[in-house]
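Colleague: This is the structure I want to talk about, given as structure tokens.
The values are calculated or read from the model by the stated rules, or taken from the named source; none is laboratory data. Computed from a predicted structure; not experimentally measured. All Cβ positions, even for glycine, are placed from backbone atoms using ideal geometry, and neighbour counts span all protein chains on display. Just so you know, the surface numbers come from the protein's heavy atoms only, side chains and all, with ligands and any DNA or RNA stripped out. Shrake-Rupley method; radii C 1.70, N 1.55, O 1.52, S 1.80 Å.
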Amino acid sequence: MASTSPRSLPAFAVEVQDLRKAYPGSNGAPAREALKGVSLAIPRGSIFGLLGPNGAGKSTLINILAGLTRKTSGQVRVWDKDVDRESREARGAIGVVPQELNFDAFFTARVLLEFQAGLQGVPVRERQTDALLAAFELTSVADLRVRALSGGMRRRLMVAKALVHNPPVLVLDEPTAGVDVELRQSLWAYVRRLNQKGTTILLTTHYLEEAEALCDRLAIIHEGQVVANDRKTTLLRRLDTKRVQVRVESGGPTLPPALAEQGWALTAPHLLEITYKPSATALGPLLAALQRHGFTVADISTHEPDLEDVFLKLTRRG
Ligand SMILES: Nc1ncnc2c1ncn2[C@@H]1O[C@H](COP(=O)(O)OP(=O)(O)OP(=O)(O)O)[C@@H](O)[C@H]1O
Ligand SMILES: [Mg+2]
């Protein structure tokens, strides 16, 4: 548990340096390198998103932070504690909601939280079982066995379970996979509230809109390597590309070569399109060129890159 004084709070909630993980191959197959030298620093107080295609290594990284998977090499610190040399402290500083829901389905929700608190060494008088059950709207099912809970309830219970020891770092591996819209919104709201109260959040997600809505920093991991790591806004600007579609009222059926050279393309009758770099080119002169060649602009629509564009550009296969 984080009982550090404000003066000694770490600048980074999690620090990972040159982290490598090779899973041994089975049946004589070669080892599989899931992480190939990952370095990341997660600022204390942030909501940090880890994105990447299936098999990129996200869960491997998270499981190493949680002490569930052994790394092959590299340094990992959680809340300034080395996961090898100070493993108990490092584990106490982190709560992890794993991607796969795995818990003893014969326990009731309440017993499960109590049991977990016991495992984490939380003294009985400091337990917050009822408050957690209430926060995740599980009070009415608290005494049902876990196997009688719906999938969404189980997922909420997993988040509650990760929080029994009040860790300063909460890690959520795909928190809203298979979760309905309403529950997703309420989980987001809960995560934001926790973060406002000081918890650092690390989450992986395949829902880019989730990353856009929640995270202030994002790392994209691809085939075991970090291919981007930046503030969300910087990442979005980084593509430096903008697409503009112009509907014209008049003008010839073909595109004058000078306009084609500039990058304009005729995508449909009366519809012209250009992709340009806002840092190098302004839209005004591009439109002026259209007018010089006898086109009258009727309508303009612009397309700014979103996270999906960034993601695809950085992780496209081949
Ligand atoms: N226990 C394991 N034994 C062997 N290989 C594994 C094991 N766990 C993961 N891998 C391999 O490591 C690579 C990374 O897997 P990982 O689960 O970390 O990816 P991920 O980014 O979480 O993917 P997803 O988005 O599908 O959850 C994959 O090639 C996977 O097959
Ligand atoms: Mg995963």
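Colleague: Hey, Gln17 hits all of (1) more than 16 Å from ligand 2 (Cβ to nearest atom); (2) in contact (Cβ under 8 Å) with a residue 24 or more places away in the chain; (3) part of a helix (DSSP H, G or I) but one; which does it fall short on?
Modeller: Going through (1) more than 16 Å from ligand 2 (Cβ to nearest atom); (2) in contact (Cβ under 8 Å) with a residue 24 or more places away in the chain; (3) part of a helix (DSSP H, G or I) one by one, Gln17 breaks only (3).
Colleague: Check Gly263, Gly224 and return the single one that is free of Cβ contacts under 8 Å to residues at least 24 places away in the same chain and touching a strand residue (DSSP E or B) at 6+ places or on another chain (Cβ under 8 Å).
Modeller: Working: Gly224 fails: free of Cβ contacts under 8 Å to residues at least 24 places away in the same chain.
The unique qualifying residue is Gly263.
Colleague: Look through segment 210-228, keep the residues that are under 11 Å from the mean Cα position of the chain (by Cα) and assigned to a strand (DSSP E or B), and return whichever of them is farthest from Gln185 (Cα to Cα). Step through it out loud before you land on a result.
Modeller: Filtering segment 210-228 down to residues under 11 Å from the mean Cα position of the chain (by Cα) leaves 210-221.
Those still in the list that are assigned to a strand (DSSP E or B) too: 217-221.
Working: Arg217: 20, Leu218: 20, Ala219: 23, Ile220: 23, Ile221: 26 Å.
Out of the qualifying residues, it is Ile221.
Colleague: Then there's this: Scan segment 64-89 for residues that are under 21 Å from Leu172 (Cβ atoms) and either away from ligand 2 (no atom under 16 Å from the Cβ) or buried (at least 20 other Cβ atoms within 10 Å of the Cβ) (or both) and jot them down. Even if it seems obvious, please write down each step before you answer.
Modeller: Of all residues in segment 64-89, those under 21 Å from Leu172 (Cβ atoms) come to 64-69, 71, 76-79, 81, 83.
Within segment 64-89, Ile64, Leu65, Ala66, Gly67, Lys71, Val76, Arg77, Val78, Trp79, Lys81, Val83 qualify.
Colleague: Pairs only if they're at least six apart or on different chains, beta carbon under 8 angstrom, first in segment 49-70 and within 12 Å of Gln99 (Cβ to Cβ) and within 6 Å of ligand 1 (Cβ to nearest atom), second open to solvent by 10 Å² or more (accessible area, probe 1.4 Å) and not in a strand (DSSP E or B); list them, first residue then second.
Modeller: Going by the 8 Å Cβ cut-off, the qualifying pairs are Ser59/Pro98; Ser59/Gln99; Thr60/Thr69.
Colleague: Residues of segment 259-283 being over 37 Å from the mean Cα position of the chain (by Cα) and assigned to a helix (DSSP H, G or I), which ones?
Modeller: Correct list: Leu259, Ala260, Glu261, Gln262.
Colleague: Testing Ser250 on (1) open to solvent by 80 Å² or more (accessible area, probe 1.4 Å); (2) among the polar types (S, T, N, Q); (3) not in a strand (DSSP E or B), one condition comes back false. Which one is that?
Modeller: (1)
Colleague: Looking only at segment 22-63, filter to residues that are closer than 15 Å to Asn229 by Cα and surrounded by fewer than 20 Cβ atoms within 10 Å (Cβ to Cβ); which one of those is farthest from ligand 2 (Cβ to nearest atom)?
Modeller: Pro43
Colleague: Can I ask one more? Could you pull out the residue among Arg145, Arg155, Arg192 that is open to solvent by 10 Å² or more (accessible area, probe 1.4 Å), under 14 Å from Ser46 (Cβ atoms) and assigned by TED's automatic domain parsing to the domain that holds Gln128? Break it down stepwise before answering.
Modeller: On the way: Arg145 fails: under 14 Å from Ser46 (Cβ atoms); Arg155 fails: under 14 Å from Ser46 (Cβ atoms).
When all the criteria are applied, what remains is Arg192.
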